[in-house]
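A.B. asks: Take this structure, written in structure tokens, and hold onto it; I'll ask about it next.
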Amino acid sequence: MDTMRLPHVAKAAILLTIVFVAYQAYVQLTVGRRRRALQREKGTLLAPWHFELRDRIMGLDDFLENIKALKEHRYLARGQARFENQGVRTMHTISLGRHVISTIEPENLKTIQAVDFKKWTLGSRRISAFRPFLGLGIFTTAGADWHRSREMLRPNFARSQVGDLATFETHVNHLIAAVPKDGSEVDLSELFFRLTMDSATEFLLGESTESLTKDSEDGFADAFTRSQAYVVNMARWGGWAKLFPANKQWMQDKKFVHDFVDYYVRKALARRNELLQEQSNAEKSAAARYVFIDELVRQTTDPIRIRSELLNVLLAGRDTTASLLTNAWFMLSKRDDVWNRLQAEVSTLHGEQPSFDQLKDMKYLKAFLNETQRLYPVVPVNSRQAVEDTTLPLGGGKDGLAPVFVPKGWTAAWSVWAMHRRKDYFGEDAEEFRPERWLDDPETGKKGLRPGWEFLPFNGGPRICLGQQFAINEASYTTVRLCQAFEKIESRDPGPWVEALTLTAVNLNGAKVVLTARDARTN
């Protein structure tokens, strides 16, 4: 090295050091001062570090353990064990350099999702991963964009729309017809995912994919499923996902899905004048079929925005309901007592199709689906990112009772899976599948569960799932009609429920059963 250059290098190093020290001093005098004042005001204490975490700079050890647990189908169980082994309900961890406050405290979730809703957002890693596929929609936006999406979609989930069971009947009949009547094994999970794709596309696009009645599918469902799995995986890696080369299958699948939906968007936009005329026509028939895309077209002519909102809702409407049905019927096939009690309640309909009000009045059916969502929540983990310095009410200190300070940019993550298994809320038998816990006991006078924020299958606050009633109606209606069509169920999966986690959680091996039809007793 040229010795004449050393003084210049030394001067540059000194200058950089001065700038760094000056910046740190500035931070301490401004941001640092505000943060210390907030912590004093709220009386915050530090949340305990996850005691197994060794790398507290990048958190590579914990991240790699999580990836391993995902591949071994024990990610949710590992998350639950972390809280139980450490004896806490809130902890501080770090993942790929991202600070995370993990919690299973209902009061913290109430604060994040409702009380201090405006202080939290979805987080940059999720938005950046999902937007290339879903675009700007209700699940990929925050702030003003999210409010516009919410207001655009809200009218589409009025009771008059989601309570219309006629569409469900058509597709459930296709489902029943697809179940073998000769005593052969069937994986109901495959049929449930076809069912929800068929009903969701008819509700959203006006035309069903009709996958339950076709010998081979058109490829849309498979491309949609692969795309979803890919973006969920990219979201786990966050900003590090940019280091991975472009996935050709993903690019092909994304184009296929976008082209598929764009076809219906173009058709709907071509009818826009007609749709606007219908809207202003006071004599429009009340029996006219409701189509989601038509309502979007009445509100905007932006084809990308329409496609994005459709894909956002399809993502939620298809997978969540199919996963719920799969988990429910997996458990139903394992429990004769639950099957018999459900059949007894369904028999009060005398074989007739249930109405919306009759479904609401079926207490054991509701308890059965609640218990399924409690033990096997379809969205078992979630998170938000702080958009400003804020606090959570619980988790600080040795006893976890003090507030916790959360700096801007940090993430709060929660495990609905673990929270739904807390014995202090759900009893010593919280790990057992027992629908009766949701029912009043007339003999003892004991009331059934009336949970608050400790039971969170559909989120809460302003971002509570708009389609939750649609999902519950479809799952309830499908379950009732299957019970009416079949008198006996036998499990063909000797193992326990095993997690398969992407955006939703579903039993890895589906719901393999044999169903005996009511009109096949002598066969």
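No lab work stands behind these numbers, since they all come straight from the coordinates. All of these numbers come straight from a predicted model, not from anything done at the bench. So basically every Cβ, Gly included, is an ideal-geometry build from the backbone, and we count neighbours across all protein chains shown.
A.B. asks: Could I have the simple spin-label model distance between ALA229 and LYS446, label points 7 Å from Cα toward Cβ, reported in nm to one decimal?
C.D. replies: Here the modelled spin labels are 4.3 nm apart.
A.B. asks: For the chain, what relative contact order do you get, as a whole percent, if you take Cα pairs closer than 8 Å and at least 6 residues apart?
C.D. replies: Values: 733 pairs, mean separation 128.5, N = 523.
Worked out over the chain, it gives 25 percent.
A.B. asks: Follow-up question, since we're still on this one. What length, rounded to one decimal in nm, is gained on full extension from LEU508 through to GLN343, with 0.36 nm per residue of separation minus their alpha-carbon distance? All intermediate terms of the calculation are to be shown ahead of the outcome.
C.D. replies: Working: separation 165, 0.36 × 165 = 59.40 nm, distance 2.65 nm.
Once the chain is fully extended between LEU508 and GLN343, it gains 56.7 nm.
A.B. asks: Something else now. Using the Karplus equation 6.51 cos²θ - 1.76 cosθ + 1.60 (θ = phi - 60°), what ³J(HN,Hα) coupling, rounded to whole Hz, does each residue of the stretch 85-93 give in order, writing x for Gly and Pro?
C.D. replies: 5, 8, x, 10, 10, 8, 8, 9, 9
A.B. asks: If you find the alpha carbon centre of the stretch 447-474 and of the stretch 342-408, how far apart are they in angstrom?
C.D. replies: Result: 5 Å between the Cα centres.
A.B. asks: Evaluate the Debye formula for the chain with equal point scatterers sitting on the alpha carbons, no solvent, and hand back log10 of I(q)/I(0) at q = 0.06, 0.11 Å⁻¹, in q order, two decimals.
C.D. replies: Debye curve over Cα of the chain, log10 I(q)/I(0) at q = 0.06, 0.11 Å⁻¹: -0.34, -1.05.
A.B. asks: Let me ask another. Rank-order 245-257, 473-485 by packing density, defined as the average count of other C-beta atoms within 10 Å over each peptide's residues, highest first.
C.D. replies: Put in order of decreasing packing, that is 473-485, 245-257.
A.B. asks: For the chain, take the longest principal axis of its alpha carbons; what is the angle in degrees between that and the long axis of helix 336-346, to the nearest 10 within 0 to 90?
C.D. replies: 60 degrees
A.B. asks: How much length is gained on full extension from ARG131 to LEU96, taking 0.36 nm per residue of separation minus their Cα-Cα distance?
C.D. replies: Details: separation 35, 0.36 × 35 = 12.60 nm, distance 2.13 nm.
Once the chain is fully extended between ARG131 and LEU96, it gains 10.5 nm.
A.B. asks: In nm, what is the difference between 0.36 nm times the number of residues separating ASP357 and GLN468 and their Cα-Cα distance?
C.D. replies: Working: separation 111, 0.36 × 111 = 39.96 nm, distance 1.64 nm.
Net length gain for the segment: 38.3 nm.
A.B. asks: Given the convex hull over the Cα atoms of the stretch 320-461, what projected area results after averaging over all orientations, in nm²? Each step should come with its number before you reach the end.
C.D. replies: Numbers: hull surface 45.8 nm².
Taking the Cα atoms of the stretch 320-461, their convex hull projects to 11.5 nm² on average.
A.B. asks: In what sequence, highest mean first, do 143-154, 69-80, 92-103 appear when ranked by Cβ atoms within 10 angstrom?
C.D. replies: On the way: 143-154: 14.6, 69-80: 16.7, 92-103: 20.7.
Highest mean packing first, the order is 92-103, 69-80, 143-154.
A.B. asks: Something else: LEU449's amide H: which non-local residues (gap 5+, or another chain) put their own amide H closer than 5 Å, with H modeled 1.01 Å from N in plane and none for Pro or chain starts?
C.D. replies: The list, which skips near neighbours in sequence, is TRP438, LEU439.
A.B. asks: To test your reading of the geometry: what angle, between 0 and 90 degrees and rounded to tens, separates the Cα axis of helix 166-178 from the longest principal axis of the chain?
C.D. replies: 80 degrees
A.B. asks: In whole Hz and in residue order, list the ³J(HN,Hα) couplings for the stretch 290-297 that follow from phi through the Karplus curve 6.51 cos²θ - 1.76 cosθ + 1.60, θ = phi - 60°; x for Gly and Pro.
C.D. replies: 7, 10, 4, 4, 5, 5, 5, 5
A.B. asks: If R0 is 22 Å, what FRET efficiency do you get for VAL115 and ARG154 from their C-beta distance, rounded to 0.05?
C.D. replies: On the way: r = 22 Å, r/R0 = 0.99.
The value I calculate is 0.50.
A.B. asks: Assuming R0 = 51 Å, what is the FRET efficiency of LYS181 and LYS408, from their Cβ-Cβ distance, to the nearest 0.05?
C.D. replies: Details: r = 60 Å, r/R0 = 1.18.
Efficiency computed from Cβ-Cβ geometry: 0.25.
A.B. asks: Would you mind computing the Rg to Rh ratio of the stretch 26-178 from its alpha-carbon coordinates, Kirkwood style for Rh? Working shown, then result.
C.D. replies: Numbers: Rg = 21.5 Å, Rh = 19.9 Å.
Ratio of gyration radius to Kirkwood radius for the stretch 26-178: 1.08.
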